[in-house]
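Asker: Below are the C-alpha cells for one structure; questions will follow.
The values are calculated or read from the model by the stated rules, or taken from the named source; none is laboratory data. No experiment lies behind these values; they were computed from the predicted model shown. When we count neighbours, we look across all protein chains shown, and the Cβ atoms used for this are built from the backbone with ideal geometry, even at glycine. Heavy atoms of the whole protein, side chains included, go into the accessibility calculation; ligands, DNA and RNA do not. Shrake-Rupley method; radii C 1.70, N 1.55, O 1.52, S 1.80 Å.
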Amino acid sequence: MAVSGTGPLAGVRVVELAGIGPGPFAAMLLADLGADVVRVDRPGGGGLAVDPAYDVTNRNKRSVLIDLKAPGGPDRVLDLVERADVLIEGFRPGVAERLGVGPADCHARNPRLVYGRMTGWGQDGPLAHTAGHDIAYIAVTGALGMIGNPGEPPAVPANLVGDYAGGSLYLVIGVLAALRHAGTPDGAGQVVDAAIVDGTAHLTAMIHGMMAAGGWQDRRGANLLDGGCPFYGTYETSDGGYMAVGALEQQFYDTFADLLGITEQAPARKDPARWGELRAAVAARFKSRTRAEWTAVFEGSDACVAPVLSLGEAPHHPHLAARGTFTDVGGITQPAPAPRFSATPAAVTSGPARPGAHTESVARDWHVPGLLGKDV
C-alpha cells in the first residue's frame, strides 16, 4: 500500500538518496504533504547515531535498500527515477555523478525530473568540496554572529537556523517551484542547488536592509530584535524558569508595563541611555515570582509575554494542545505536519521507515520488479 497521503502533494513521487540532517527533513516535509517518498538506504546504515525506529524525519516514507557501489545499484535507482517527479540527494559535489546517479544520468531517463541537491557550501565555490556542519555555514553568513550577549561568545541555536531553515526549507521551496515549472506545457526538469549558506544569508535580508538604513548596529546585543533592548528578551523567574518578552509596539508595552508593575519606569522605553535602568527593573520584578505565577498574570493579554518551555513541556501548553500542534505516533511525541490546508489536510500516516522495510510494496506500486532481483 502506498504511503502517499491526502495532502496537497498526493500523487507526487519522490526518490530520496539517504543522508542525514537537512535532506531527510526536506523529504519528510514533502512526505507530510502527501508525496510518496521512497528513501534509498544504503546497506549498513547512514551514519546517524539514532535508532531508525525513533528517526522522526523518516516518518511517512518508505525505504528500499540499494548499494550504489554494487553492480546494478545505480540502474535500480534510475529505474525509480524514471517513474519519479523529484529526487533529493545530499552528497558532496561530484559524488552522485561518480556513482552514476547525477543529474545527467537521471535526466537521460526522465527529462522532467526535479533534481534537488542539498549541501552546506553549494555546488561550486572555493569551499564546495570541503566538509562542514550547520555551525560553520551560519558563521560565515553573519547569522551566528548576531546571536548572543555582547562580550560573550555567539550562542549556538542548535542546528535550526542553518540545516533546517536555511537548508531544508529552501530546498523544498526550490523543489516545489521547479515541480510547477516542469508541469507546464513547455516545462522541463532542472537541478535545484540548495546551499545552506545561500538560504541562511537570504534569511538575513531584513537585517541587511535595517543596517543600510542605519537602524541596525553590526554587533550583538545592541539592537531591537537581538536582546539589546529590555522589552525584547528573556528574564529569569524566582524558581529558575524564564519568561520571554516581546513588547515592541507602544500599546503592547503599555500593557506589559502595567501587568508587570513597572509603570513608573515606562518613560525609559524610548531612551536607550536608560535601558540599563529599565532592564534592571524588569529583571527584579520577574525574579519576584515563579514562572507559573507570571504566566498566569500575562495569559490572554496583549503584553506579548510567554513562558520559556522545554521540549518536553511544549506539547502540553494549552494553546498548542488545543491546536494539535504536536501529535503522538507509535509512542513518539512529535510535531504535527505544518502548514495546514483546508481542502487537502496533511497527516502523519506512518512512523519512521525502517531501512529496506518496503522493498516489496515499492517494487509493486512503482512497477520496478528489479528491486526484487527480477527483470523489468
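Asker: What are the semi-axes of the equivalent ellipsoid for segment 243-317, taken as the square roots of 5 times the Cα gyration tensor eigenvalues, largest first, in whole Å?
Answerer: Three semi-axes, in Å: 23, 13, 11.
Asker: Another question, then. Dividing the alpha-carbon Rg of segment 163-299 by 2.2 N^0.38 Å yields what? Write down the numbers at each step before the final one.
Answerer: Numbers: Rg = 21.5 Å, N = 137, 2.2 N^0.38 = 14.3 Å.
Compactness ratio reported: 1.51.
Asker: First compute the accessible area of segment 262-354 with a 1.4 Å probe, then give the percent of it belonging to carbon and sulfur atoms. Please report the intermediate quantities before stating the final value.
Answerer: On the way: 3200 of 5570 Å².
After summing per-atom areas, the C and S share lands at 57 percent.
Asker: Determine the share of segment 28-122's accessible area contributed by carbon and sulfur atoms, expressed in whole percent, with a 1.4 angstrom probe.
Answerer: Details: 1850 of 3510 Å².
Roughly 53 percent of what the probe reaches on segment 28-122 is carbon or sulfur.
Asker: Hey, any idea what % of segment 148-218's accessible area is carbon plus sulfur with a 1.4 Å probe?
Answerer: Working: 2380 of 3840 Å².
So the carbon and sulfur contribution to the accessible surface is 62 percent.
Asker: Of Ala188, Gly148, His129, which is farthest on the positive side of the dipole of the chain, counting Cα position, with +1 on Lys and Arg Cβ, -1 on Asp and Glu Cβ, and the Cα centre as origin?
Answerer: Ala188
Asker: What is the set of long-range amide H partners of Ile147 at a cut-off below 5 Å, with H atoms built 1.01 Å from backbone N?
Answerer: Ala155
Asker: While we're on this one: Take the alpha carbon atoms of segment 178-249, find their center, do the same for segment 295-361, and report the distance between the two centers in whole angstrom.
Answerer: So the separation of the two Cα centres works out to 22 Å.
Asker: Springs between alpha-carbon pairs under 10 angstrom, Gaussian network model over the chain: which of Pro318, Pro150, Pro355 fluctuates most?
Answerer: Maximum fluctuation in the GNM of the chain, among the listed residues, is at Pro318.
Asker: If you wrap a convex hull around the C-alpha atoms of segment 39-162 and split its volume per residue, what is the figure in Å³? The partial results should precede the final answer.
Answerer: Details: hull volume 18.2 nm³, N = 124.
Considering the Cα atoms of segment 39-162, their hull volume per residue is 146 Å³.
Asker: Multiplying the sequence separation of Glu360 and Ser288 by 0.36 nm and subtracting their Cα-Cα distance, what value in nm do you get?
Answerer: Length gained between Glu360 and Ser288: 19.7 nm.
Asker: Probe of 1.4 angstrom, ligands and nucleic acids ignored: what's the accessible area per residue over segment 5-144, in square angstrom? Don't skip to the end; give the middle numbers.
Answerer: On the way: 5390 Å² over 140 residues.
Counting only protein heavy atoms, the per-residue value for segment 5-144 is 38 Å².
Asker: Mind sorting out which of (i) 20.7; (ii) 19.3; (iii) 22.0 is the real mean projected area of the Cα convex hull in nm² computed from the coordinates?
Answerer: Here mean projected area of the Cα convex hull in nm² agrees with entry (iii).
Asker: Which shape class, rounded, prolate or oblate, goes with segment 220-364 when its Cα gyration tensor gives a ≥ b ≥ c as root eigenvalues, a/c under 1.5 marks rounded, and past that a/b bigger than b/c marks prolate?
Answerer: On the way: a/c = 2.84, a/b = 2.64, b/c = 1.08.
It is prolate, given that a/c is not under 1.5 and a/b is the larger ratio.
Asker: Then there's this: Only Lys, Arg, Asp and Glu count, each charged at its Cβ (+1, +1, -1, -1), so figure out the dipole size of segment 191-276 about its Cα centre, rounded to 20 debye.
Answerer: Details: 5 positive and 11 negative charges, 55 e Å.
Value, rounded to 20: 260 debye.
Asker: Suppose each label sits 7 Å from its Cα in the direction of the beta carbon; what would the His181-Glu97 distance come out to in nanometres?
Answerer: 2.0
Asker: Per residue, what accessible area does segment 211-271 have, given a 1.4 Å probe and all protein chains present, in Å²? List each step's numbers first, then the result.
Answerer: Values: 3010 Å² over 61 residues.
Ligands and nucleic acids excluded, the figure is 49 Å² per residue.
Asker: Subtracting the Cα-Cα distance from 0.36 nm times the residue separation, let me have the gained length for Asp218 to His133 in nm, one decimal. Mind dumping the intermediate values first?
Answerer: Details: separation 85, 0.36 × 85 = 30.60 nm, distance 2.41 nm.
Contour length minus Cα-Cα distance gives 28.2 nm.
Asker: For segment 304-376, with only Lys/Arg (+1) and Asp/Glu (-1) charged at the beta-carbon, what is the dipole magnitude about the Cα centre, in debye rounded to 20? If you can, show how the numbers build up before the last one.
Answerer: Details: 5 positive and 5 negative charges, 21 e Å.
About 100 debye.
Asker: Choose one of Gly94, Pro157, Leu309: the residue whose Cα lies farthest towards the positive end of the charge dipole of the chain (beta-carbon charges +1 Lys, Arg; -1 Asp, Glu; about the Cα centre).
Answerer: Comparing the listed Cα positions along the dipole, Gly94 ranks first.
Asker: Run the dipole for the chain about the Cα centre, Lys and Arg Cβ at +1, Asp and Glu Cβ at -1, nothing else charged, and hand back the magnitude in debye, nearest 20.
Answerer: Working: 30 positive and 39 negative charges, 67 e Å.
The dipole magnitude comes to about 320 debye.
Asker: Then there's this: Given only helices, namely DSSP H runs of n ≥ 4 each adding -39500 (n - 2.57), what is the per-residue ellipticity at 222 nm of the chain, to the nearest 500 deg cm²/dmol?
Answerer: Values: 13 runs with 114 residues, N = 376.
The per-residue figure over the chain is -8500 deg cm²/dmol.
Asker: Let me ask another. If you take every DSSP beta bridge whose two residues both sit in the chain, what share of them, in percent to the nearest 5, is antiparallel? Intermediate values should be presented prior to the final figure.
Answerer: Numbers: 12 of 35 bridges.
For the chain, the DSSP antiparallel bridge percentage is about 35.
Asker: If you look for lysine pairs in the chain that are eight or more places apart or on different chains, how many of them have Cα atoms under 27 Å apart?
Answerer: On the way: Lys61/Lys69; Lys61/Lys374; Lys69/Lys374; Lys270/Lys287.
Eligible lysine pairs with Cα atoms under 27 Å apart amount to 4.
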